[in-house]
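Participant: Below is the structure I would like to discuss, written out as structure tokens.
No lab work stands behind these numbers, since they all come straight from the coordinates. Only a predicted model underlies this, so the values are computations on that prediction, with no experimental measurement involved. Cβ sites come from the backbone with ideal geometry, for glycine too, and all protein chains shown count toward neighbours.
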Amino acid sequence: MSSSGSVPLFRAFAGALVLTIFLSGQHQTALAHEAASGWRYPYACCSDRDCREVKDAAVSEIPEGYLIEVTGEIIGYADDRVKNSPDGVFHWCSVAGKDDSRTICLFVPPRSY
């Protein structure tokens, strides 16, 4: 028996396997937790489930920092959890994405003076 016929078959199989692995990786990327405007939340802020865009009224600026209205939590202006918002709106990341849990990250729009 000649093995020359099995080489092209093996290459075709290997190519299909590589393509499958590549496409499955692309599929996972597409499922990553993203803001509605398309930027991806950092994993450290949300574990791919804890962040969401919130209305301006959900966060107030007070002398001590940012007040999360629903919880009463105050995040100081210099707090490491405060991040720049890539799309100019507030995004709030809370434990398990719950409205009554502590803040993991707060994405804030640029301040206007």
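Participant: For the range 40-100, which GluC sites (Glu not before Pro) pass both filters: DSSP loop (anything but H, G, I, E, B) and at most 16 other C-beta atoms within 10 Å?
Facilitator: When the GluC sites (Glu not before Pro) of the range 40-100 are filtered for loop state and at most 16 Cβ neighbours within 10 Å, GLU64, GLU69 remain.
Participant: What percent of all Cα-Cα pairs in the range 40-84 falls into each 10 Å bin, going from 0 up to the bin containing the maximum distance?
Facilitator: 25, 52, 23, 0
Participant: LYS83's amide H: which non-local residues (gap 5+, or another chain) put their own amide H closer than 5 Å, with H modeled 1.01 Å from N in plane and none for Pro or chain starts?
Facilitator: Correct list: LEU106, PHE107, VAL108.
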